[in-house]
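Please read the structure below before turning to the comments.
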Amino acid sequence: MRKIFKAITFFLILVLMSNMYISFDEKSVLNTIQYGEKVSAQSNKCYYDKYTVEYSPWSEEVYTYKHWVISSLGLNWGFTLHTGWAVWDGSQYVNNSPKQYNLTVYYDQYNDPLYARRIQVIYTGNYNNMMMWDMHEYSRSRSERKGSLVAANIIAVEGTYPDNGKAPDGYWYVKKGTNEIPELSAYYPIQNQTLSNEDTSIIPYMTVSDKFGDTLTCKYYIDSVEKESKQISNTATPQTVNFSAIDTEGLSDGVHTVTFEVIDGMSDPVIKTVSIIVDKTPPVLVAVSFTANDSDITISGSATDSATDAGALLYRYTAGSTVSGWVNNSSYSIEALSPDTEYSCKLEVKDQAGHVASKEQKVRTKAQTPIINTGSINKDSIELRFNDRNPETVKYQLMEGSRYVNESGEFTAYPVWLTAADKKIVVRGLEPNKGYSFKAKARNSEGLETELSTPQAVTTTAQAPGTISPEKGINFIKLSWEATAGATGYEVEADGRTINTGTETYYLHEGLEPETTHIYRVRIINAGGSSEWSSYTNCTTLPEPPETPEIKETNTARTAVTIAWDAVDKAESYEIEADGVIIAVGAVTEYTHEALQPDTVHTYRIRAVNAGGSSQWSNATEARTLPEPPDIPAGLAGNPARTEITLTWNRAARAEGYEIEADGTRIRLENITEYLHKELTANSTHTYRLRAWNRGGSGEWSEPLTVTTWPDLPVAPENIIATAEKDSITLTWYNVEWAESYDVQIDGKTTENVKGNTYTGKNLVPGSKHVYKLRAKNIGGSSPWSKAIELSTLPQEDESPSAPETAVLSDIVAVVTNKTIQIAWQAVETDAQYEIEVDGTVYDNGKETAYNHLGLKPSTFHTYRVRTGDKNGKGQWCAILSLSTLPNPPDAPKNINMAVTNTQIELRWDREEGTSYDVEVDGKIVDAGGAAEYIDENLAPGTSHTYRVRGRNMSGVTAWSDSVIKSTTSPSYVLSCTKGQSFDFALLAANVKDFSGLKFVVEYNPEELEIQDVCDITTVKETTSGRIAGTNLTVTITTGRIEFTVNESIPAGSTWSGEISTVVFKSKATGKAYIDYNIE
């Protein structure tokens, strides 16, 4: 249609350009194709459904084309206007000035309901008296389609109506089908169906249908003989037609035909024919066999049948409870049977008529050849499992090479049939990490043996790794172990997590924290599986290197320097650089650099070490060794005075100072060569030793020097007795201690010195009065003068005849105490009378020849004269006596102090004027004289002695002081030691009467020696203060000093000697060491 419009438009343009007038009828051009009658090549009838026709909606308007048209002025358009067309809006051309001419042509249907167009002509101007026009064309379309159903199933010859379209009658038709032959879709009996004499209810039937629902005639025939006919309606849906049952009794054995026929009266009949077989006798079995294996029984046989072909016979097979279906195979295997099991078997044969022949027999399956599987595999045993379906009663024979396995799992050289509980057996006595190959066979209850199984190769697991060597780092641990032959891999359990290392014999555990502990174990994988785990290995990562220590102390000796430092956290050991040489000193915090030369300088640095590395070196420190001790000072001398002794000596080489031992007491001095020992007791003996010292120690002691102080000034003589004669006076007195001589002062004018204790003044005038004083003298000086003694010589005798005779008293005795003086004399004659002048007072003494002067004061002088008288009167004074009372007795000695050396003990106490002393030494009394000291000499070192002291004077003796027990010291022991050497030092004591108050003291230099045990007699090493278990000893340990006390009683009158304890020392340096042992 669109091509037709284009042609018309082109033609129109040509006409306009040639001033031609064209009138045309577009309807004749647009005429459509008309439908004709369908011619069916078939005579079959068809079914049609009839529908109304309706239109689809119009399409969208489409712009078709645009033309430029030129025409003469005053041209009249010759369009034939149809209904709905628009006309000119103006058709005049005025004064050669064109108007706008607009002609709109609206949709022109041309009586075609399916297509419409719109043409628009617009005047655009003129040119050379020609009008110029634009022509525009627009179009749209629609289609016809099926509407509502008018009628269904219209029967007509095929082609009468369109298959799916509009027919000339104005309706829309749809063809539904063309086949009108009846259908026979199902029937019975089926082809080659066999009927027996028992099949009396076989009812033939067929299913028929016809699309047009025609009434059909249905028949069936046997061997072409019609048996029955039926009329069937409503065949538009399938209908089943049942006939009367077939009478097999009237049929002979063999093949017969059954024919079904359907007739619709319009087409040829539809016919279906099947063959049936009539069989009234059973088949005959021949050549039946039953063959058993371990899991199946094969039953074979053949049969013949009079009516059924051999190939059509059916067989059924039974073994136990398993029954096959009916099959046409003459041999059949029943599978999935249990090995070594008896089954009731049967073969049945059935012909097509259903007749059955059978044969039965008992059959036992064979044992199943076992498959050997492995269970648990260990280093010395393997669990083998028989993987089969044999019952538990089946016996097995298990071989490994030429050996057999018995029921105990052990190898034997002879064949053994065994019963495997739970179908498994553990083979024992195997070697670790070794391959084995096992084969087995089984035997059923009838003694039939299977073939040997396929060999099962198996390897025992390896022995667990023995030694795991860890290599530690700060953030890693590397484990290593020896490779195992045949190993396919290794597994490491690290902190509970299992890692496969492949065939590597190491494992590196990285990313760890310092100083963390990790637990490992390793196992080997080989063809047999995994070995047992090795023992656990605990390993701790290394710490971070420690901080740098600092040297805090240096102690020097003559041949050694000891360096000390504070412990550093995380340090495991230390290294010291001594004079450039690095020395590992272990975990101690001090080091002694030995075998050095005295008085030399050395340089040290220290660093801390642990498994993680070393710290930085500390700052360097210098130290100088000590010099050799000085030599023994020479020229030791003592210059005594009464209460002091001045000691002098020569300066010793290398001396920095000196040490004096004065009476056992040591005094340390600076570098001087004189010492004043003061506040001594007069006439006391003192012993001295001297040694020099310097930074390197003390030298040897000098030989002892004994010096005695001057005696004390003597006391004034006491108890002076003076007697007078006519021309002389005699003085007598007690010797004064420490007196070397005496001065006698006479009448205050002259002094005479006498050596003894008697002085007689001669050539005196009778009856003359004289005054005397005495003093004692020694090297230290003179005592004070005694009290003055006044005494007169006897007067001149009266020689006149009337003078009485002068009596002579004889045997005058004076008994003096500190409070009394008693004078007695021999009687002159019987009944003689006596007068006594006492201190100037005359007393009548009657006939008594004794006078007792009481109530006197101690140490006071008194003068006495005696004269006789008779019946004739008084006689002349015949006896003059002057004397002193005694002093009071002294007090018991006080403040007894003792000084000891190795061989002597010196006692000192407070001295009282006019007193002498006795010392009891170990029970023996010794006169100590007037000195307030006593030296017990020549004693054995380390021996104990008991002392007590009492005083005495002319008045008597005091009580004894308390007993004092003291021991001599032991000598200083000088030892030559090697560093690290241990030695025993035994403590001995002798003649001990009482342990109470005694201390057994050991003194040593802690820079030279250290204590390892203070009581070697016990099994426990004692190095601290306290009671020593199992002994009667208590020990107190301080720096350089060990004190023992003994808790033991000694019976009265006896002494104890023996070993107190044994101390074990260890030398800290090589060289000399000193030990002192004293009893305090």
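We did not get these values from a lab; they are worked out from the coordinates using the rules stated. The shown structure was predicted, so the numbers you read here are calculated from the model rather than taken from an experiment. Please note: Cβ atoms are built from the backbone with ideal geometry, for glycine as well, and neighbour counts cover all protein chains shown.
Residue separation of Thr820 and Glu392 scaled by 0.36 nm, minus their Cα-Cα distance, works out to 140.0 nm of gained length.
Full extension of the segment from Ala1052 to Gln876, taken as 0.36 nm per residue of separation minus the current Cα-Cα distance, would add 56.8 nm.
Legend: residue pairs Lys472/Lys570; Lys552/Lys979; Lys894/Lys993, Cα-Cα distance threshold 18 Å; pairs beyond threshold, Lys552/Lys979; Lys894/Lys993. Segment Met954..Thr281, full-extension length gain: 224.3 nm, with 0.36 nm per residue of separation and the alpha-carbon distance subtracted. Mind pulling up the Rg/Rh value for the range 313-424? Radius of gyration and Kirkwood radius, both on Cα. With Rg and the Kirkwood Rh in hand, the quotient comes to 1.22. Report the FRET efficiency, 1/(1 + (r/R0)^6), for Asn538 and Glu594, where r is their Cβ-Cβ distance and R0 is 41 Å, rounded to 0.05. Approximately 0.55, to the nearest 0.05.
Extending 7 Å from the Cα toward the beta-carbon at both Ile190 and Arg403 defines two label points whose distance is 6.6 nm.
Neighbour counts of C-beta atoms inside 10 Å place His593, His602, His256 in the sequence His256, His602, His593, starting with the fewest. Rounded, prolate or oblate: which fits the range 571-711, taking a ≥ b ≥ c as square roots of the Cα gyration tensor eigenvalues, rounded meaning a/c under 1.5, else prolate when a/b beats b/c? Prolate, because a/c is 1.5 or more and a/b exceeds b/c.
Against the empirical curve 2.2 N^0.38 Å, the C-alpha radius of gyration of the range 637-708 lands at a ratio of 1.08. Each label point was placed 7 Å from the Cα along the Cα-to-Cβ direction; for Lys924 and Lys787 their separation is 4.2 nm.
What separates the Cα centres of the range 921-988 and the range 693-717 is a distance of 18 Å. The modelled label-to-label distance for the pair Ile1017/Ser358, using points 7 Å beyond Cα in the direction of Cβ, is 11.4 nm. Along the Cα-to-Cβ line of Asn671, 7 Å from the Cα, sits a label point; which residues in the range 617-660 have backbone N less than 19 Å from it? Of the residues in the range 617-660, 624-634, 649-660 have backbone N under 19 Å from the label point off Asn671. Per residue, the average separation of C-alpha pairs within less than 8 Å and at least 6 apart gives the range 637-708 a relative contact order of 34 percent.
Listed by Cβ neighbour count within 10 Å, with the fewest neighbours leading, Leu184, Leu285 appear as Leu285, Leu184.
Karplus-derived 3J(HN,Hα) values for the range 312-322, using 6.51 cos²θ - 1.76 cosθ + 1.60 with θ = phi - 60°, are 9, 5, 10, 10, 9, 10, 10, 9, x, 8, 8 Hz; glycine and proline are entered as x.
Compare the Cα positions of Val426, Pro941, Leu1033 along the charge dipole of the chain (+1 at Cβ of Lys, Arg; -1 at Cβ of Asp, Glu; about the Cα centre) and return the one farthest towards the positive end. Of Val426, Pro941, Leu1033, it is Val426. By the rule of a C-alpha distance below 26 Å, with chain neighbours fewer than 8 residues away ignored, the lysines paired with Lys755 are Lys726, Lys769, Lys773, Lys777, Lys787.
Charge dipole (Cα centre; +1 on Lys/Arg Cβ, -1 on Asp/Glu Cβ; no other charges) of the chain amounts to roughly 3840 debye. In the range 641-705, a dipole from Cβ-located charges (positive for Lys and Arg, negative for Asp and Glu) runs towards its positive end, and of Thr665, Leu705, Trp693 it is Trp693 whose Cα lies farthest in that direction.
Mean separation of Cα pairs under 8 Å and 6+ residues apart, divided by the residue count of the range 551-624: what relative contact order is that in percent?
Details: 157 pairs, mean separation 24.4, N = 74.
Relative contact order for the range 551-624 comes out at 33 percent.
Determine, from the Cβ-Cβ distance of Trp326 and Asp380 and an R0 of 60 Å, the FRET efficiency 1/(1 + (r/R0)^6), rounded to the nearest 0.05. The computed FRET efficiency comes out at 0.50.
With +1 on each Lys and Arg Cβ and -1 on each Asp and Glu Cβ, how big is the dipole of the range 284-364 about its Cα centre, in debye rounded to the nearest 20?
160 debye
When only alpha carbons are used to place a centre, the range 511-545 and the range 339-393 end up 52 Å from one another. For the chain, the longest principal axis of the C-alpha atoms and the axis of helix 2-17 are separated by about 70°.
Computed from the C-beta positions of Thr516 and Ala986 and an R0 of 60 Å, the FRET efficiency is 0.65 to the nearest 0.05. Taking the charge dipole of the chain about its Cα centre, with +1 at Lys and Arg Cβ atoms and -1 at Asp and Glu Cβ atoms, the residue from Val225, Asn444, Asn897 reaching farthest to the positive side is Val225.
Residue exposure proxy: Asp922, Asp844, Asp351, Asp743, ordered by other Cβ atoms within 10 angstrom of their Cβ from fewest to most, comes out as Asp844, Asp922, Asp743, Asp351. Its residue count N fixes a reference of 2.2 N^0.38 Å for the range 905-953, and the Cα radius of gyration divided by that reference is 1.16. A Cβ-based charge dipole, computed about the Cα centre of the range 551-624 with Lys and Arg at +1 and Asp and Glu at -1, lands at about 60 debye. Shape index of the chain: Rg/Rh, with Rg the Cα radius of gyration and Rh the Kirkwood radius from the inverse mean 1/r over Cα pairs, equals 1.57. Cα centroid separation, the range 429-475 to the range 186-219: 73 Å.
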